[in-house]
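The values are calculated or read from the model by the stated rules, or taken from the named source; none is laboratory data. Everything numeric in this text was worked out from a predicted model, so none of it was measured. Every residue, glycine among them, receives a Cβ derived from its backbone with ideal geometry; neighbour counts consider all protein chains shown.
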């Protein structure tokens, strides 16, 4: 997707092992289900901000943003114009204070984000600067991040060493709003420009971002007028966050109308699974074959699947974040490179639903 740049859509806006046996990703492998009842959950993660004003700016940035206008694609595989959605949420990143992850997707493909970035804020001579980072991770590894903002305490392992700083924007407050721009031009090679600047206007419900590129003579070659700016509205999150308890979280992106599964039904699923370091340990899609499983299947499936795959209609797409005590616990799954007490991350899609057959009626008793 070749989109204008800024805030994870650009600089600031734009800021597998071999397949294992089918269902290995969630086979129970002899764990005692009752042991999970005695698991002590960790305290929920709470963001810690350097100071009150940085916390205020983080509060303005945090949430779900959508472009006011549909944005056309310009690549050779264009699927047409779409509004763009950004999820911006605080998460823990080692050695990066005041961090927020930025997940960007087409509105019609929120389950398949095409870009990730990180924002961080810091003090510079008493002013607040917003720094943007790109990830060093390749595209395959980044897939573990999908929806992980919904459970920040289980956010995939990430540190400052995984990031590349791209630019700073210095912010100025006015009432309950902030505006800012880059303190100096940054190098670029985009579309004939050799350097660029970025700007932002931020309020509780709206954000405007813009970039401007200059050639070697200082002439503006793109982003010269307001038509190049992107306007974003803060919206209610279209993705539904389902808290099943015990640390099990689902992000439900799509749920078509239809009959949902009930206990005893057989679900034909596509799924992919990752560990916290971004390693994909299994995927039905690499085998191009769905996996059929009865839900629930105590003793066969990990508890995170027995619970996290309930109440789905055909076509439902979810991200599951499953803490270790609802996955493979202290034993782990060595043959799938799943370590002890590992949190697992799954994307799941219900392709076909086979309802449990109703019991045959008993013949009437003759008098």
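Could you say whether any residue in region 250-259 is assigned by TED's automatic domain parsing to the domain that holds residue 102, touching a strand residue (DSSP E or B) at 6+ places or on another chain (Cβ under 8 Å) and crowded, with 17+ Cβ neighbours inside 10 Å? Outline the logic, then answer.
Going through region 250-259, the residues assigned by TED's automatic domain parsing to the domain that holds residue 102 turn out to be none.
No, region 250-259 has no match at all.
For region 218-225, does any single residue satisfy the condition of being in contact with a strand residue (DSSP E or B) (Cβ under 6 Å, 6 or more places away or on another chain), at pLDDT below 95 and surrounded by 20 or more Cβ atoms within 10 Å (Cβ to Cβ)?
Yes: region 218-225 contains one or more residues that are in contact with a strand residue (DSSP E or B) (Cβ under 6 Å, 6 or more places away or on another chain), at pLDDT below 95 and surrounded by 20 or more Cβ atoms within 10 Å (Cβ to Cβ).
Considering region 132-149 alone, what residues qualify as being under 16 Å from residue 346 (Cα atoms) and surrounded by 20 or more Cβ atoms within 10 Å (Cβ to Cβ)? Steps first, please.
Of all residues in region 132-149, those under 16 Å from residue 346 (Cα atoms) come to 140-149.
Once the filter is applied, which keeps residues that are under 16 Å from residue 346 (Cα atoms) and surrounded by 20 or more Cβ atoms within 10 Å (Cβ to Cβ), region 132-149 yields 144, 145, 146, 147, 148, 149.
Of the residues in region 162-177, how many are more than 26 Å from the chain's Cα centre (by Cα) and surrounded by 19 or more Cβ atoms within 10 Å (Cβ to Cβ)?
So the first thing to find is which residues in region 162-177 are more than 26 Å from the chain's Cα centre (by Cα), and the list is 170-177.
Applying the additional criterion that residues be surrounded by 19 or more Cβ atoms within 10 Å (Cβ to Cβ) yields 171.
Residues flagged as more than 26 Å from the chain's Cα centre (by Cα) and surrounded by 19 or more Cβ atoms within 10 Å (Cβ to Cβ) within region 162-177 amount to 1.
With the requirement that a residue be in contact with a helix residue (DSSP H, G or I) (Cβ under 7 Å, 6 or more places away or on another chain), within 16 Å of residue 251 (Cβ to Cβ) and not in a loop (DSSP other than H, G, I, E, B), what does region 81-108 give you?
85, 87, 88, 89, 101, 103
Looking only at region 306-351, how many residues end up being in contact with a strand residue (DSSP E or B) (Cβ under 9 Å, 6 or more places away or on another chain) and either modelled with pLDDT under 95 or more than 16 Å from residue 260 (Cβ to Cβ) (or both)?
The number of residues fulfilling the criteria is 21.
Residue 41 - would you say it is modelled with pLDDT under 95 and surrounded by 14 or more Cβ atoms within 10 Å (Cβ to Cβ)?
Numbers: modelled with pLDDT under 95: yes; surrounded by 14 or more Cβ atoms within 10 Å (Cβ to Cβ): no.
Criteria not met by residue 41.
Restricting to region 150-161, count the residues that are in contact with a strand residue (DSSP E or B) (Cβ under 6 Å, 6 or more places away or on another chain) and surrounded by 14 or more Cβ atoms within 10 Å (Cβ to Cβ).
In the first step, residues of region 150-161 are kept if they are in contact with a strand residue (DSSP E or B) (Cβ under 6 Å, 6 or more places away or on another chain); the result is 150-151, 154, 158-160.
So of that shortlist, the ones also surrounded by 14 or more Cβ atoms within 10 Å (Cβ to Cβ) come out as 150-151, 154, 158, 160.
Here the count works out to 5.
Quick one: in region 99-114, of everything that is closer than 13 Å to residue 142 by Cα and crowded, with 22+ Cβ neighbours inside 10 Å, which residue is nearest to the chain's Cα centre (by Cα)?
Only one residue tops the list, namely 103.
Hey, can you tell me all the residues within region 284-300 that are surrounded by 12 or more Cβ atoms within 10 Å (Cβ to Cβ) and within 19 Å of residue 312 (Cβ to Cβ)?
284, 285, 290, 291, 292, 293, 294, 295, 296, 297, 300
Just to confirm my filter: which strands (runs of 3 or more DSSP E) fall fully inside region 131-242 and include at least 3 residues that are within 21 Å of residue 98 (Cα to Cα)? Quick ask: steps written out before the conclusion?
Values: elements: 163-174, 177-181, 195-202, 206-214, 220-222, 230-235.
By residue number, 163-174, 177-181, 195-202.
Of the residues 278, 273, 304, which is under 20 Å from residue 153 (Cα atoms), touching a helix residue (DSSP H, G or I) at 6+ places or on another chain (Cβ under 8 Å) and assigned to a helix (DSSP H, G or I)? If you could, list the steps in order and put the result at the bottom.
Details: 278 fails: assigned to a helix (DSSP H, G or I); 273 fails: assigned to a helix (DSSP H, G or I).
Testing whether each residue is under 20 Å from residue 153 (Cα atoms), touching a helix residue (DSSP H, G or I) at 6+ places or on another chain (Cβ under 8 Å) and assigned to a helix (DSSP H, G or I) leaves just 304.
Per-residue answers, yes or no, for (1) outside the structural domain of residue 159 (by TED's automatic domain parsing); (2) under 18 Å from residue 178 (Cβ atoms); (3) at pLDDT below 95:
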position	(1), (2), (3)
66	no, no, no
74	no, no, yes
78	no, no, yes
97	no, no, no
101	no, no, no
107	no, no, no
115	no, no, no
126	no, yes, yes
129	no, yes, no
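Determine, yes or no, whether residue 264 is in contact with a strand residue (DSSP E or B) (Cβ under 8 Å, 6 or more places away or on another chain), surrounded by fewer than 16 Cβ atoms within 10 Å (Cβ to Cβ), assigned by TED's automatic domain parsing to the domain that holds residue 325 and closer than 30 Å to residue 324 by Cβ. Let's see the steps before the verdict.
On the way: in contact with a strand residue (DSSP E or B) (Cβ under 8 Å, 6 or more places away or on another chain): yes; surrounded by fewer than 16 Cβ atoms within 10 Å (Cβ to Cβ): yes; assigned by TED's automatic domain parsing to the domain that holds residue 325: yes; closer than 30 Å to residue 324 by Cβ: yes.
Taking the combined requirement at face value, the residue satisfies it.
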